[in-house]
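Single-structure report; data block below.
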Amino acid sequence: MFSLTDIEFANPDLFWLLLIVPLLVAWYIYQINRSTPLIKHPNVEQLRSDSFDIKLWLRHYPVLTRSLSFVFLIVALARPQSSTSWEDAVTEGIDIIIALDISSSMLAEDLKPNRLKAAKNVAVEFISGRPNDRIGLVIYSGESFTQCPLTIDHDVLKNLFADVKNGMIEDGTAIGDGLATAVNRLKESDAKSKVVILLTDGQQTAGSIPPLTAAEIAKQFNVRVYAIGVGTIGSAPYPFKTPFGTTQYQNVPVKIDEQTLKGITDITGGTYFRATDNKKLEEVYSEIDKLERSKIEVTQYRKKTERYLPWALLGVCFLLMEFVLSNTIYRSLT
C-alpha cells in the first residue's frame, strides 16, 4: 500500500505541459463564439427557455474528455513513483572497562552521600548513555577482580554495580593490580578503541604490580587510560564507628597520587581528571563521553516502484470515450 504523500516524479519538468490545457479550452471557446450565428429578433424573451437541454451540454464533451486525457497522459509521462526506504546501521563500538577503587577511604563524605556511592551513581549514568559499547567492571582495593566482564547487556552490568560495596575484598589500594586486571580484560578485544576508566581516591599501598608498569602493559595492547582522582582539596569528613555503635566524623587528609595518575595517562595517551565534588565527577564522565564516541555508519537504501500505469490508462480511457461518443451519441446530436 502507498499514499499520495509517498509519490515522487522522475520527470517533474513535464508538468509545464499542463499550461497547454487552458490554451486548448480558450481556443475551443473562441471557436464556439466564432462559429455561432447571430440573428436579430424583436423579442428576446420569446427565445429564452427554462428547460435544461442536455444536447446543448453534451456538445461540449469532446473538449472535456480531451483535456482530461491530456492531463492524465502528462502525469504518466512525468513518471510517478512510490518509494520505500530502510537503513542498515553498522556500529563500531568502544570497549570500556571501569576500574573502581572500593577501599575504605572511598567512604569519605566530601562527595555525597560518599565517594563510592557517588562514583557508582555517575558511572551508571555514563553506562546508560553508551548503548552501543561493551562495558565491564573491575573493582580493587588491596587486590582486584573482575566484577563484570565486557558486556552489551547493560542492565546486568548496572545490577552488578549496585552490589558493589566496601569490604568485598581485602582493604588497601592496589592501583597497579586494578589497572592490570582491566587491561587483561581488554587485551583480546578487536574494538576500534579500548579504554580503561581508572578511578581512585588515594595512592598505591598494596598489590604486586606498580601502577606505571601496568600503564606500560596497557600501552602494549593499545589501551587508553583515563584516570580520575576523587576527593576534595585538603581534608575530608570520614565516618568512624565508636565502641558504642555510634558514628563519629573526623577530618582525614586527602592523599591522591596525582603524579602517578598523570604518568599513567601520559604513557597510554589518556587524560587525568580531578573530581573534587559530585558536579565535577559528573563533568569528568561527560568529558570522557565526548572524547570516546562510538562510530555508527548508516547506509540508506531506497526502492522505487513505477506508478505511471493507472494515469496512462485513465488518459487512454478518456481518448477512447471521446472516440466512441463521437461515433455514437455525438453523431446523432450533430
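The values are calculated or read from the model by the stated rules, or taken from the named source; none is laboratory data. Keep in mind it's a predicted model, so treat the numbers as computed, not measured. Ideal geometry is used to build each Cβ from the backbone, glycine not excepted, and the neighbour counts take in all protein chains shown.
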From the option list ASP190, ASP163, ASP171, single residue qualifying as touching a helix residue (DSSP H, G or I) at 6+ places or on another chain (Cβ under 6 Å) and acidic (Asp, Glu) is ASP171
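Going through the stretch 208-257 one residue at a time, which ones are among the aromatic types (Phe, Trp, Tyr) and surrounded by 15 or more Cβ atoms within 10 Å (Cβ to Cβ)? I'd like the intermediate steps shown before the answer.
Narrowing the stretch 208-257 to residues among the aromatic types (Phe, Trp, Tyr): 221, 226, 238, 240, 244, 249.
TYR226, TYR238 - these are the residues of the stretch 208-257 that are among the aromatic types (Phe, Trp, Tyr) and surrounded by 15 or more Cβ atoms within 10 Å (Cβ to Cβ).
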Inside the stretch 210-221, can you point out the residues that are over 13 Å from ALA182 (Cα atoms) and either at pLDDT below 95 or among the hydrophobic types (A, V, I, L, M, F, W, C) (or both)?
-> LEU212
When LYS262 is evaluated against the numbered criteria (1) of a type outside the set (Phe, Trp, Tyr); (2) assigned to a helix (DSSP H, G or I); (3) closer than 17 Å to ILE96 by Cβ, which criterion, by number, is the only one it fails?
-> (3)
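Per-residue answers, yes or no, for (1) within 34 Å of the chain's Cα centre (by Cα); (2) part of a strand (DSSP E or B); (3) free of Cβ contacts under 8 Å to residues at least 60 places away in the same chain:
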site	(1), (2), (3)
THR173	no, no, no
ALA191	yes, no, no
ILE197	yes, yes, no
GLY202	no, no, no
ALA215	no, no, yes
THR232	no, no, no
Being polar (S, T, N, Q) and not in a strand (DSSP E or B) is the filter; apply it to the stretch 120-147 and report the residue that is nearest to THR173 (Cα to Cα).
-> SER141
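Does the stretch 141-148 contain at least one residue that is surrounded by fewer than 18 Cβ atoms within 10 Å (Cβ to Cβ), of a type in the set (Ser, Thr, Tyr) and more than 16 Å from LEU199 (Cβ to Cβ)?
From the stretch 141-148, those surrounded by fewer than 18 Cβ atoms within 10 Å (Cβ to Cβ) are 142-143, 145-146; that's our starting set.
Subset that is of a type in the set (Ser, Thr, Tyr): 146.
Right, trim to more than 16 Å from LEU199 (Cβ to Cβ) and you get none.
Within the stretch 141-148 (the criterion being surrounded by fewer than 18 Cβ atoms within 10 Å (Cβ to Cβ), of a type in the set (Ser, Thr, Tyr) and more than 16 Å from LEU199 (Cβ to Cβ)), the answer is no, since none of the residues qualifies.
Here is a yes/no grid of residues against (1) buried (at least 18 other Cβ atoms within 10 Å of the Cβ); (2) more than 20 Å from VAL196 (Cβ to Cβ); (3) at pLDDT 95 or above; (4) not aliphatic (A, V, I, L, M):
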| site | (1), (2), (3), (4) |
| --- | --- |
| ALA89 | no, yes, no, no |
| ILE94 | yes, no, no, no |
| ALA99 | yes, no, yes, no |
| ASP110 | yes, yes, yes, yes |
| GLU125 | no, no, yes, yes |
Considering ASP177, ASP153, which residue is assigned by TED's automatic domain parsing to the domain that holds THR260, exposed (fewer than 13 other Cβ atoms within 10 Å of the Cβ) and acidic (Asp, Glu)?
-> ASP153
